[in-house]
Amino acid sequence: MWWFVTHMRETGSGLSGVIDAWYVNASTIGLTWDLTIAAIALSLWIVAEVAARRNWMALVAIPATFGIGVSCGLPLYLFMRTRPV
């Protein structure tokens, strides 16, 4: 989030400017789709495991995944998964 906020402050374009920057060239488009697919796959995995294990607190990893990133959501979920149910 730090990088997004910094970009918005520097360009003054707000969130639409950040989203436009995700589609500047082929490499950023590829990275955007790669991370989006990974976030969706992680979210589906979390929902499936939460339904089976009834560890409802682990659902917190989904907003962390989309708000901060997969690099936060996955370790957070794995940490929360180690908790005995």
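For the stretch 46-85, enumerate the residues that are without any contact (Cβ under 8 Å) to a residue 12 or more places away in the chain and either part of a helix (DSSP H, G or I) or surrounded by 11 or more Cβ atoms within 10 Å (Cβ to Cβ) (or both). Answer for the stretch 46-85, where residues must be without any contact (Cβ under 8 Å) to a residue 12 or more places away in the chain and either part of a helix (DSSP H, G or I) or surrounded by 11 or more Cβ atoms within 10 Å (Cβ to Cβ) (or both): A48, V50, A51, A52, W56, P63, S71, C72, P75, L78, F79.
Every condition in (1) more than 15 Å from V70 (Cβ to Cβ); (2) in contact with a helix residue (DSSP H, G or I) (Cβ under 9 Å, 6 or more places away or on another chain) is met by M1 except one, and the failing one is (1).
What number of residues within the stretch 25-45 are outside any helix (DSSP H, G or I) and either surrounded by 10 or more Cβ atoms within 10 Å (Cβ to Cβ) or at pLDDT 95 or above (or both)? Break it down into steps so the answer makes sense when it comes.
Kept after step one, since they are outside any helix (DSSP H, G or I), are these residues of the stretch 25-45: 25.
Subsequent filtering for residues that are either surrounded by 10 or more Cβ atoms within 10 Å (Cβ to Cβ) or at pLDDT 95 or above (or both) retains none.
Counting residues in the stretch 25-45 that are outside any helix (DSSP H, G or I) and either surrounded by 10 or more Cβ atoms within 10 Å (Cβ to Cβ) or at pLDDT 95 or above (or both) gives 0.
The values are calculated or read from the model by the stated rules, or taken from the named source; none is laboratory data. Worth saying up front: this structure is predicted, and the values here are computed from it rather than measured. Every residue, glycine among them, receives a Cβ derived from its backbone with ideal geometry; neighbour counts consider all protein chains shown.
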